[in-house]
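What follows is a short report on a single structure.
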Amino acid sequence: MTSSAHTDCLDLVQATKSGSKVQYLIKDLLKYFNVKAIAEKEGCSRVECTYDVSMILDSIREEFKKELVQSKKITDIIKAIVPRPEKKYYLSFVVRLLVFQSGRSDLGELIGKDDCIILIPVVVIGSDTATLVEQGAGRQTTFSFKVDSELVISGQCLVYMQPANKAVCVVLSIGKDKVKESGNDMGKEVGKDIVKESE
């Protein structure tokens, strides 16, 4: 697949540096799983941990929420990616630890296509580069699963990774609907928190 220039796809994917508290919590997760022991499979799937990490994931969500309230940069990114943004954005209560591997991952199966997904990389094996393809329009670009970053990606996209590459990420979502239910087996989003009103 060829890649479009990143400047052509700023409404599909953008990245920003994660805050120091989020980075600290992300590093803490590494103690509870072995990325090399994750079985090879296509697409994205849950990461099985040796310990219940739900409290750590909830803490990451709360720290990320603080970043949203305080950072105009992140708010501007969300406004660029979420279609027809309303005055209020909602952060999903659900936070997950998923691994993205070779083949295709359909982000629309994880969240609503009109929402954006937040990927916070924890650890990467192999190349950190993936290809992003917008469903329907077919635009495509590349992006990197950089540790210490936060990726904001449109729910209308597919992620493609090459064989033998793995990227473990904390996954959240942001949208304009207060309540959203998802029928996939990755978990169910039962509500969202208001994080910020657009100007």
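The values are calculated or read from the model by the stated rules, or taken from the named source; none is laboratory data. The structure displayed is predicted, hence computed values, not measured ones. For neighbour counting, all protein chains shown are included, and Cβ atoms are generated from backbone atoms with ideal geometry for every residue, glycine included. Just the protein is used for accessible areas: all its heavy atoms, side chains included, with ligands, DNA and RNA removed. Shrake-Rupley method; radii C 1.70, N 1.55, O 1.52, S 1.80 Å.
Yes or no, residue by residue, for (1) open to solvent by 20 Å² or more (accessible area, probe 1.4 Å); (2) part of a loop (DSSP other than H, G, I, E, B); (3) of a type in the set (A, V, I, L, M):
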residue	(1), (2), (3)
TYR51	yes, yes, no
GLU62	yes, no, no
ILE74	no, no, yes
TYR89	no, no, no
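With the structure loaded, tell me whether LYS176 is touching a strand residue (DSSP E or B) at 6+ places or on another chain (Cβ under 9 Å), modelled with pLDDT under 95 and crowded, with 19+ Cβ neighbours inside 10 Å or whether it fails that test. Let's see the steps before the verdict.
On the way: touching a strand residue (DSSP E or B) at 6+ places or on another chain (Cβ under 9 Å): yes; modelled with pLDDT under 95: yes; crowded, with 19+ Cβ neighbours inside 10 Å: yes.
Spelling it out, LYS176 is indeed touching a strand residue (DSSP E or B) at 6+ places or on another chain (Cβ under 9 Å), modelled with pLDDT under 95 and crowded, with 19+ Cβ neighbours inside 10 Å.
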Quick one: which of LYS27, LYS17, LYS31 is closer than 23 Å to CYS116 by Cα and either touching a helix residue (DSSP H, G or I) at 6+ places or on another chain (Cβ under 7 Å) or open to solvent by 30 Å² or more (accessible area, probe 1.4 Å) (or both)?
LYS17
For ARG46, the lone unmet condition from (1) within 15 Å of ARG96 (Cα to Cα); (2) open to solvent by less than 30 Å² (accessible area, probe 1.4 Å); (3) within 16 Å of the chain's Cα centre (by Cα) is (2)
Residue by residue through the stretch 40-65, note down the ones that are more than 16 Å from VAL168 (Cα to Cα) and free of Cβ contacts under 8 Å to residues at least 12 places away in the same chain.
ASP52, MET55, GLU62
Hey, could you check the stretch 19-49 for residues that are outside any loop (DSSP other than H, G, I, E, B) and of a type in the set (Lys, Arg) and say which is nearest to LYS146 (Cα to Cα)?
LYS27
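Taking MET55, is it over 16 Å from the mean Cα position of the chain (by Cα) and at pLDDT 95 or above?
yes
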